[in-house]
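What follows is a set of notes on a single structure, which appears directly below.
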Amino acid sequence: MKQQTKLTQKSESVVEQHSQPQAATEFGSSDELLRFDAAQTTVPPEIAERLKHSATDITPAKAGWFKRLFN
Amino acid sequence: MNEPVERESVTGKTPAGGLASGFAAIYDEHSHAIFYLALRYLGDPEKAQDATHDVFLKAFRKLDQFRGDASVRTWLYRIAINHCQNLCQSWHNRNVHSNADDSVWENSAAKTDSPLRVLETKELGQRIQKALDAVSDEYRLLLLLVADEELSYEEIATLVGQTGDAVRGKLHRARKAFAAHFEKTV
C-alpha cells in the first residue's frame, strides 16, 4: 500500500513537470522572428527534382548562356 | 555585381545536380530564400512549391537577359515578386486589404521595439502566417525582404520601386502592424 502511494506520488510529480509552463522565447523584433521562422523552414526536395525534369526541355543554345556567365 | 559561383562545386552531388552545374549552384544558394518568400507571401506550401519551381525555371530560361548589374539574388527576387503578385491577382481568393486596415494597427499600442514573446514555438509558423496575412501585400513583402539579411535597404528599395527613405518609413509601420496582429494570434 505504501509502495502504491509512492508510485502515485511519483506519477503526480511527472504530471506536474509536464504541466509546468514553458519558458517564453523572446524575439527582439519582427525581423528576428521572421529570421527564426525562415531558419526553421526547409525547401522541399521535390522542387529540385521537378526543376531537373523541366529544364531538360531547355534548348542547348539557351543553356549555353549560364556557362558563359560563370566561366 | 555578379556573385562568383564555383561551377564544379555541386556537380551531381545536389538535388539539383541534374541541372547544369552553374545553375545548380545558383539553386543551392538561393532556393531557400525564394521558397521562404513564396511560402509566407502566398501562405500556402503547395503554391509556394509550384512558385519556386516556376521562378527558377523562368530564371533558367531567362539567363540570357541577366545583365549582371544586380546580384543574382536580387534578380531572382525580382522574378519571384512578379510571379507571386501575378498569382495573387489572378487567384482572387485572398482577402483584400487596404491601407486603411493597416492604419488601425499602425496607431495601436504595439511598438516595433517591444519584444515578441512566444510560449510555444510548435505552432509559431501558423501564427506568423496569420499575422502576415493580416497586413497589406506591400507590408508583407517589405517584412519578408528585410528579414533576408543579405539584402540591403537600397536593394529592397530597388525591388519594390521606392526610395530608401520611403522603405524605412513603411517598414516602421509594417513592423508595428505585424506586431499588433501577431499579439492577437495568441
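Couple of notes before you dig in:
- For A:T25, the residues 5 or more places off, or on other chains, whose built amide H falls under 5 Å of its own are B:V118, B:L119.
- Residue-by-residue Karplus 3J(HN,Hα) for segment B:148-165, coefficients 6.51, -1.76, 1.60, Hz, glycine and proline x: 7, 5, 7, 9, 8, 4, 5, 5, 5, 4, 5, 5, 9, x, 9, 7, x, 5
- Sites matching trypsin sites (Lys or Arg not before Pro) across segment B:25-79 that sit in DSSP coil, with at most 13 neighbouring C-beta atoms within 10 Å: B:K62, B:R67
- Counting, for every residue in B:144-156, the Cβ atoms of other protein chains within 10 Å of its Cβ and taking the mean gives 2.
- Cα-Cα over 31 Å, subset of B:K47/B:K170; A:K52/B:K184; B:K47/B:K184: A:K52/B:K184
- Each residue of segment B:51-59 was assigned a 3J(HN,Hα) from its phi angle through the Karplus curve 6.51 cos²θ - 1.76 cosθ + 1.60 (θ = phi - 60°); the sequence is 5, 4, 4, 5, 4, 6, 5, 4, 5 Hz, with glycine and proline shown as x.
Values in this text are rule-based calculations from the coordinates and carry no lab data. Predicted model, so just to flag it, every value in this text is computed and none were measured. Please note: Cβ atoms are built from the backbone with ideal geometry, for glycine as well, and neighbour counts cover all protein chains shown.
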